[in-house]
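Peer 1: The structure under discussion is supplied below as structure tokens; questions concerning it will follow.
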Amino acid sequence: MTRKKRARRQLWLMPLLIVGGIVLNWLIGKPCELLGLPLYLNNFGTVFVSIFGGALPAAILGLLSTAIGVFTVPNRIYFGLIGVFLAINISWLNSKGVFKSVWKTLLSIVVMGIIFGTLNSILSWVLFGFEDSGALEPLAQKIYSLGTLDKYPSLVFACIVIETADKLVTIGVVVLVYRLMPSARRERIEDALHFGDFRKMP
């Protein structure tokens, strides 16, 4: 396929990929939110698009998902950049072959849990406080009740634990699907969907 034909095909494939990712984020994340589960699981679409499509469509997806969520939770707009950072990070790790190794995958999840957990705890503390921190509150309250940590450190610790568990499920499932997919089919999908912002994983 010529470069011109590929660019023309991707021009209409990118919006479909982004919309599909947003729908996947909502279909899995919204029930968790309504049920009050301690995990968000609202980034399945973002991770899927990051791996199969690259950072550019995934970053756009992250921004649009946040923008849509603003209609129900206005303060969610402040978490938009975190979603973009996640998309770029996942795509970059995938391009470096990190997800080919179980141990590297687990290590990257722990590191992401610490980074994103800390960032989310700062925003949650500033925007919502300790008593109104949503899914974080039950675990944060339990940690605080032990009497060893103050309110904010309890919130940070709770956020890191939840973020790590959330990323373990989300990234773990998507990477498992990626690795179990026949290589020929996977290459065809990547060839059609990947937008070349990072080198594809060999």
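The values are calculated or read from the model by the stated rules, or taken from the named source; none is laboratory data. Since we're looking at a predicted model, the values are computed, not measured. Reconstructed Cβ throughout: ideal geometry from the backbone, glycine too, with neighbour counts over all protein chains shown.
Peer 1: Only one residue in ILE109, ILE160 is closer than 30 Å to TRP92 by Cα and touching a Lys or Arg at 6+ places or on another chain (Cβ under 6 Å), so which one is that?
Peer 2: The conditions single out ILE109.
Peer 1: Somewhere in segment 177-192, is a residue at pLDDT below 95 and crowded, with 19+ Cβ neighbours inside 10 Å?
Peer 2: So far as segment 177-192 goes, yes, one or more of its residues are at pLDDT below 95 and crowded, with 19+ Cβ neighbours inside 10 Å.
Peer 1: I'm told GLY97 meets every condition in (1) at positive phi; (2) buried (at least 20 other Cβ atoms within 10 Å of the Cβ) except one. Can you identify the failing condition by its number?
Peer 2: Failed condition: (2).
Peer 1: Inspect segment 142-155 for any residue being modelled with pLDDT of 90 or more, under 27 Å from LEU34 (Cα atoms) and among the aliphatic types (A, V, I, L, M) and give the result as yes or no.
Peer 2: Yes, some residue in segment 142-155 is modelled with pLDDT of 90 or more, under 27 Å from LEU34 (Cα atoms) and among the aliphatic types (A, V, I, L, M).
Peer 1: Let me ask you something else. Residues in segment 59-71: is at least one within 18 Å of GLU163 (Cα to Cα) and at pLDDT below 85?
Peer 2: yes
Peer 1: Only one residue in GLY54, GLY62 is on the phi > 0 side of the Ramachandran plot, buried (at least 17 other Cβ atoms within 10 Å of the Cβ) and in contact with a Ser or Thr (Cβ under 6 Å, 6 or more places away or on another chain), so which one is that?
Peer 2: GLY54
Peer 1: Moving on to the next point. All but one of (1) under 30 Å from MET14 (Cβ atoms); (2) of a type in the set (Gly, Ala, Ser); (3) in contact with a Phe, Trp or Tyr (Cβ under 8 Å, 6 or more places away or on another chain) hold for SER154; which doesn't?
Peer 2: Among (1) under 30 Å from MET14 (Cβ atoms); (2) of a type in the set (Gly, Ala, Ser); (3) in contact with a Phe, Trp or Tyr (Cβ under 8 Å, 6 or more places away or on another chain), the lone unmet condition for SER154 is (1).
Peer 1: Something else about it: If a residue has to be on the phi < 0 side of the Ramachandran plot and surrounded by fewer than 17 Cβ atoms within 10 Å (Cβ to Cβ) to count, how many in segment 126-164 make the cut?
Peer 2: The qualifying residues number 16.
Peer 1: Between a first residue in segment 69-81 that is farther than 16 Å from ALA58 by Cβ and a second residue that is of a type in the set (A, V, I, L, M) and not in a helix (DSSP H, G or I), which pairs have beta carbons less than 8 Å apart while being 6 or more apart in sequence or on different chains?
Peer 2: Correct list of pairs: ARG76/VAL70; ILE77/VAL70.
Peer 1: Same structure again: Just the residues that are of a type outside the set (Gly, Ala, Ser), closer than 13 Å to LYS167 by Cα and touching a residue at least 40 places away in the same chain (Cβ under 8 Å), please, taken from segment 107-134.
Peer 2: ILE109, VAL110, MET112, ILE114, PHE116
Peer 1: Before we move on, is GLY172 surrounded by fewer than 19 Cβ atoms within 10 Å (Cβ to Cβ) and in a loop (DSSP other than H, G, I, E, B)?
Peer 2: no
Peer 1: Now, a different point. Anything in segment 21-40 that is modelled with pLDDT of 90 or more, under 15 Å from the mean Cα position of the chain (by Cα) and surrounded by fewer than 16 Cβ atoms within 10 Å (Cβ to Cβ)? List them, or say none.
Peer 2: VAL23, LEU27
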